[in-house]
Amino acid sequence: MASSPTAKPGFWRNQLRQWHWISSAISLMGLLLFAVTGFTLNHATQIEAEPKVTKIERQVPPTTLAGLASVTANVPLTPVQAKAIRGATGVDVRGAAVDADDDGIYLTLSAPGVDSTLEISRIDGNATFERTDRGLIAVLNDLHKGRHSGPVWALFIDLIAIACVVFAITGFGLLWLYSRGRRVTWPLVALGIVLPFIIFLLFVHA
């Protein structure tokens, strides 16, 4: 009677190899990106670029300002309101965080590496837009943290994390299969496991 495929010694070896290279291919670019940005985050104060600030002032027409009377704090702008503001100021405010009081409307727009604000005075219609661009490294650092990057990027981070877990587990399985005759394998694995805990207990927690 023939043995089942799963009973063959080479079955799990082939499965581990296949899933290891598949997860490696999927996570390659993401793993490289997060490794590099992990370094830049760790040295953010040393390599941070000089922020570039842009400030623009516009005048909102009285008719447009009257149409924005219903804008209230913590309530997202309607498409009509966002279109009116863009027409008057040239700033795309879709998705902006909204604050408002009797004196003005305050909109915050954030993206990776960029912080922007738009203030519109209810009194005289003066609009002030300020954009702070912190450079490419700040963009990459914010992408690493998922800051202001949206739900699609958050899903991408989750997928890369899953692929990295598969990559690590299958790598461990391959180490297990090929460790015979390589005596240094398990001491190195043990060192990789305990070293973070040792550093934490001696230099962080203390």
## Note on the structure
With R₀ set to 45 angstrom, the calculated FRET efficiency between the beta-carbons of LYS55 and ALA161, to the nearest 0.05, is 0.70
### Query
In Å², what does the accessible area per residue of the chain work out to with a 1.4 Å probe?
68
## Note on the structure
With a Förster distance of 25 angstrom and the Cβ-Cβ distance between PHE203 and THR132, calculated FRET efficiency to the nearest 0.05 equals 0.15
#### Entry: In nm, spacing of pseudo-spin labels at VAL75 and PHE172 (7 Å Cα→C-beta vector)
5.3
#### Entry: Using a Förster distance of 30 Å, the FRET efficiency for THR45-ALA111 (Cβ separation, nearest 0.05)
0.85
### Query
What is the Cα centroid distance between segment 44-91 and segment 94-125, reported in whole angstrom?
5
### Summary
Summing -39500 (n - 2.57) over every DSSP H run of at least 4 residues in the chain and dividing by its residue count gives a helix-only mean residue ellipticity at 222 nm, to the nearest 500 deg cm²/dmol, of -17500 deg cm²/dmol
### Task
Run the accessible area of segment 1-121 with a 1.4 Å probe and give the carbon-and-sulfur part as a rounded percent.
60
### Query
segment 120-163: which chymotrypsin sites (Phe, Trp or Tyr not before Pro) are DSSP loop and have at most 14 other beta-carbon atoms within 10 angstrom?
none
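The values are calculated or read from the model by the stated rules, or taken from the named source; none is laboratory data. Keep in mind that what you see is a predicted model, and the values were worked out from it rather than measured. Note that we place each Cβ from the backbone using ideal geometry, even for glycine, and neighbour counts take in every protein chain shown. What goes into the accessible areas is simple: the full protein's heavy atoms, side chains included, and nothing from ligands, DNA or RNA. Shrake-Rupley method; radii C 1.70, N 1.55, O 1.52, S 1.80 Å.
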